[in-house]
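**Q** Mind having a look at this structure? Questions to follow.
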Amino acid sequence: MKIQENVPIAPYTTFRIGGPARFFCTVSSEDELVEAVRFAKEKSLRFIVLGGGSNVLFSDQGFSGLIIKNEIMGKTFTDDGTLYSVIDANAGEDWEEFVAETVEKDLFGIENLSSIPGKVGAAPVQNIGAYGAEVGNVIESLRVLDTKTMKFIDLSFVDCKFSYRDSIFKHEKGRYIVTKVRFRLCKQGDVNIEYKELGKYFIDKHISKPSLKEVRNAVIEIRKNKLPDWKVWRTAGSFFKNPIITGDKFAELKKIYPDLPGYTEPDGRIKVSLGWILDKVCDAKGLTIGNVSTYEKQALVLVAKPGATASEVVAFSNELMHRVKEKTGIEIEGEVDWAFV
Ligand code: EPU
């Protein structure tokens, strides 16, 4: 494993923004990962593990520690004779290729998570979710390096404390590094097309019982029509989380904005659509300040022009936070991770 110095981070992220990493390395095995973390510890450096770089914004000054690019590859599919298939996928595997392979093998559970950029190891960290599915629901366990003890351990689904775009990894930041994810996918499941837009897609096409492949293709098409292609645009997808507010607050807002979409969470609170608020309440769909805009078809997604800086993105997001607070009283939270010097 080679540790490089002063490596530009921008090309390793979908925002394509960020100065140099003081140290940078790529790891392709658990042994190399241990070696990299030891290097950082010996030098008292902070370290960040990078997957596909699709949910992170690095500072223009770069990062003064070590960036570890996780490229631990490999996956195995095991049929244990039950209704389920157990799949062990290493953290460096590409998420979208992985989803494609599971659908190809007629396995149900992650087809609604098609077309999401990033790596398998990052999926549980922010509990990726889309079109009514969340990855946490099909994860059985994870193998992680506990950097506090420098031992590899297994974390169960329960240990991970998954909730909306959240997991233990966001609270004990930097402590655990995911090396392998064990999924349990159903061999004879039902597709889930309850998400309004997905259901409507099939109603319009007069398809009442879509197949697994049809659902995957529908998600790909819907995303293509609505979200910017990260290979073309500089973006990290949704920049903020949808806020979760109390029922009273929701009722108060509904009086002013009767069409505000809201979905009841298991704890009774309401998750409201921030894209709708930015668009219909804050008039911010397609808003541009300098090199940064909200995407013309989805206001929750930020896009940056070549030459945009992290400071511009932060200033722009502050402006959106301010507008939302002023109009609704809601304090919004970032969905994208910020990694600043
Ligand atoms: N809406 C508007 N205007 C907009 C954007 C949205 O009116 O500019 C309305 C939509 O019409 C809809 C509602 O707001 O009624 C929700 O919009 P959408 O279905 O696009 O979903 P979202 O809540 O904005 C979330 C995820 C996306 C995921 C979609 C689909 C978060 C932070 N984002 O967006 O994930 O693809 O649902 O399930 O939860 C990502 O994380 O990067 C991401 C793209």
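The values are calculated or read from the model by the stated rules, or taken from the named source; none is laboratory data. If you're wondering where the values come from, they're calculated on a predicted model, not measured in any experiment. Methodologically, a virtual Cβ is constructed for each residue, glycine included, from the backbone with ideal geometry; neighbour enumeration extends over all protein chains shown.
**Q** Got at least one residue in region 179-194 being free of Cβ contacts under 8 Å to residues at least 40 places away in the same chain, in a strand (DSSP E or B) and aromatic (Phe, Trp, Tyr)?
**A** No, region 179-194 has no match at all.
**Q** Which pairs turn up if I take residues in region 105-126 that are under 18 Å from PHE239 (Cα atoms) and of a type in the set (Ser, Thr, Tyr) and look for partners that are within 13 Å of the ligand (Cβ to nearest atom) and modelled with pLDDT of 95 or more with beta carbon separation below 6 Å, at least 6 apart in sequence or on another chain?
**A** Short answer, once both residue conditions are applied: SER115/ILE220; SER115/ARG223.
**Q** Tell me, which residue of region 196-250 that is under 18 Å from the mean Cα position of the chain (by Cα) and among the aromatic types (Phe, Trp, Tyr) is surrounded by the most Cβ atoms within 10 Å (Cβ to Cβ)?
**A** PHE239
**Q** Just to be sure I understand the filter: pairs with C-beta atoms under 7 Å, separated by 6 or more residues or on different chains, first member in region 23-47 and touching a residue at least 24 places away in the same chain (Cβ under 8 Å) and crowded, with 16+ Cβ neighbours inside 10 Å, second member in a loop (DSSP other than H, G, I, E, B) and acidic (Asp, Glu). Which pairs pass?
**A** Hits for this filter: THR26/GLU71; VAL27/GLU71; SER28/GLU71.
**Q** Does region 298-316 hold any residues that are part of a loop (DSSP other than H, G, I, E, B) and among the small types (Gly, Ala, Ser), and which are they?
**A** Within region 298-316, GLY307, ALA308 qualify.
**Q** When region 322-332 is examined, which residues are found to be surrounded by 12 or more Cβ atoms within 10 Å (Cβ to Cβ) and touching a residue at least 12 places away in the same chain (Cβ under 8 Å)?
**A** ARG323, VAL324, LYS327, THR328, ILE330, ILE332
**Q** Can ASP154 be described as in contact with a Leu (Cβ under 9 Å, 6 or more places away or on another chain) and either in a helix (DSSP H, G or I) or β-branched (Val, Ile, Thr) (or both)?
**A** Here the answer is no, as ASP154 does not meet what is asked.
**Q** To continue, here is another question. Which residues, taken from region 250-286, are in a loop (DSSP other than H, G, I, E, B), more than 11 Å from the ligand (Cβ to nearest atom) and touching a strand residue (DSSP E or B) at 6+ places or on another chain (Cβ under 6 Å)?
**A** GLU265, ARG269
**Q** Can you pull out the residues in region 278-308 that are more than 21 Å from LYS254 (Cα to Cα) and of a type in the set (D, E, K, R)?
**A** GLU296, LYS297, LYS305 - these are the residues of region 278-308 that are more than 21 Å from LYS254 (Cα to Cα) and of a type in the set (D, E, K, R).
**Q** Being within 22 Å of the chain's Cα centre (by Cα) and either assigned by TED's automatic domain parsing to the domain that holds VAL178 or not in a loop (DSSP other than H, G, I, E, B) (or both) is the filter; apply it to region 33-61 and report the residue that is nearest to PHE340 (Cα to Cα).
**A** PHE58
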